[in-house]
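The values are calculated or read from the model by the stated rules, or taken from the named source; none is laboratory data. Just so you know, these numbers come straight off a predicted model, no measurement behind them. Here the Cβ is made from the backbone with ideal geometry for all residues, glycine too, and neighbour counts use every protein chain on show. Side chains included, ligands, DNA and RNA excluded: accessible areas come from the protein's heavy atoms. Shrake-Rupley method; radii C 1.70, N 1.55, O 1.52, S 1.80 Å.
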Amino acid sequence: NAGVMQNPRHLVRRRGQEARLRCSPMKGHSHVYWYRQLPEEGLKFMVYLQKENIIDESGMPKERFSAEFPKEGPSILRIQQVVRGDSAAYFCATRPAGSYGYTFGSGTRLTVV
Amino acid sequence: AQKITQTQPGMFVQEKEAVTLDCTYDTSDQSYGLFWYKQPSSGEMIFLIYQGSYDEQNATEGRYSLNFQKARKSANLVISASQLGDSAMYFCAMRANYGGSQGNLIFGKGTKLSVKP
């Protein structure tokens with residue numbers, strides 16, 4: 001989706017490595033939601049951030065996962081010491097002003113080998 | 001706890017016919033929003049239609065309409081005049097409009113729609 005940029009589009013990591021996923025929301029948007037989609041499943045909420053603040057991380061695994069949204073630059077979802085079960089599509093989203101619908105990025109497909 | 005149920009893992013429809021994708025939801029909130037998203041094989045999530053819990057009219061967006069039955073807690077998506085390009089996964093989702101939720105969406109497991117020529 002042109003409004004929300006995610007990169008990389010595809011990421012391959014070996015078990016034990018770190019994965020960094022980036023999300024730049026639409027200009028002027030200071031909040032992002034991160035979701036994870038396991039194969040053959042719907043999206044599951046992970047974390048909601050505003051600039052420099054984590055607002056809700058109730059869906060985030062307690063270990064190895066972290067997220068940030070610095071004052072400058074994209075939001076980063078970081079997965080340390082990846083395992084095969086982390087293989088999934090990771091999406092970020094924001095909600096444009098005046099719109100009911102959330103706009104999603106194109107996602108990052110993480111494959112752990 | 002809030003929950004979305006989509007009971008049809010897969011559906012087939014003939015091109016140019018209408019199809020209904022089922023969605024039921026569970027929530028104790030009085031104010032909530034219901035969404036449908038399309039996910040083609042390329043993987044992106046495309047917003048289709050929104051229904052607010054207090055909206056009296058069923059939402060419509062082009063060939064998409066949402067059959068909202070509040071008492072039954074159902075929010076079925078109707079696609080009229082199916083096209084080959086409608087073949088995709090379809091996800092129903094809900095957002096609580098206040099309370100502990102920060103506006104995040106809860107998704108169903110999806111229905112894979114295949115349109116036959």
**Report entry** Label point distance in nm, A:R84-A:V12, each placed 7 Å from Cα along Cα→Cβ
**Finding:** 1.7
Requested in this report: Starting at the first residue of the range B:34-49, write each ³J(HN,Hα) from the Karplus equation 6.51 cos²θ - 1.76 cosθ + 1.60 with θ = phi - 60°, in whole Hz, x for Gly and Pro.
Outcome: 10, 9, 10, 10, 10, 10, x, 5, 6, x, 6, 9, 10, 5, 10, 7
Report summary line: Charge tally for neighbours of A:A89 with beta carbon under 14 Å away, counting Lys, Arg as +1 and Asp, Glu as -1, is 0
Report task. Please report how far the C-alpha centroid of the range A:6-35 lies from that of the range B:7-30, rounded to the nearest whole angstrom. Result -> 31
Query - Within a Gaussian network of chain B (alpha carbon springs, distance under 10 Å), most fluctuating of B:G33, B:G85, B:G52 - result: B:G85
Report task. Using label points projected 7 Å from each Cα along Cα→Cβ, tell me how many nm separate A:E68 and B:K70, to one decimal. Result -> 4.6
Requested in this report: Obtain the nm distance between the two label points defined at B:I46 and A:E41 by a simple spin-label model: each point lies 7 Å from its Cα along the Cα-to-C-beta direction.
Outcome: 2.6
Query raised in the report: If you place +1 on the Cβ of every Lys and Arg, -1 on the Cβ of every Asp and Glu, and leave all else neutral, what size is the dipole of chain B about its Cα centre, to the nearest 20 Debye?
Result: 220
Report task. Translational diffusion coefficient, Stokes-Einstein: compute it for chain B using the Kirkwood radius over C-alpha pairs as Rh, at 20 °C and 1.002 mPa s, and state it as an integer in µm² s⁻¹. Result -> 149
Requested in this report: Can you spot the lysines whose alpha carbon is less than 29 Å from A:K71's alpha carbon? Ignore those fewer than 8 places along the same chain.
Outcome: A:K27, A:K44, A:K51, A:K62
**Report entry** Over chain A, volume per residue of the alpha carbon convex hull, in Å³
**Finding:** 98
Report summary line: Rg/Rh of the protein assembly as shown (Cα atoms, Kirkwood Rh), to two decimals, equals 0.97
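Considering every residue in A:26-36, what mean count of other chain Cβ atoms within 10 Å of its Cβ is obtained? Don't skip to the end; give the middle numbers.
Details: counts 0, 0, 0, 0, 0, 2, 0, 4, 1, 4, 0.
For this peptide, the per-residue mean of nearby foreign Cβ atoms is 1.
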Query raised in the report: Among all lysine pairs in chain B that are eight or more places apart or on different chains, how many have alpha carbons less than 22 angstrom apart?
Result: 15
Query - At 0.692 mPa s and 37 °C, Stokes diffusion of the range A:9-57 via Kirkwood alpha-carbon radius, µm² per second - result: 254
Query raised in the report: How large is the accessible surface per residue of the range B:18-80, computed with a 1.4 Å probe and reported in Å² as a whole number?
Result: 46
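Within 10 Å of each Cβ in A:44-56, how many Cβ atoms from other chains are there, averaged over the peptide?
On the way: counts 4, 7, 1, 2, 4, 1, 1, 0, 0, 0, 0, 3, 5.
Per residue, the number of nearby Cβ atoms from other chains is 2 on average.
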Query raised in the report: Projected onto the charge dipole of the range A:1-111 (+1 at Lys/Arg Cβ, -1 at Asp/Glu Cβ, origin at the Cα centre), which of A:Y102, A:Q17, A:M60 gives the Cα projection farthest towards the positive end?
Result: A:Q17
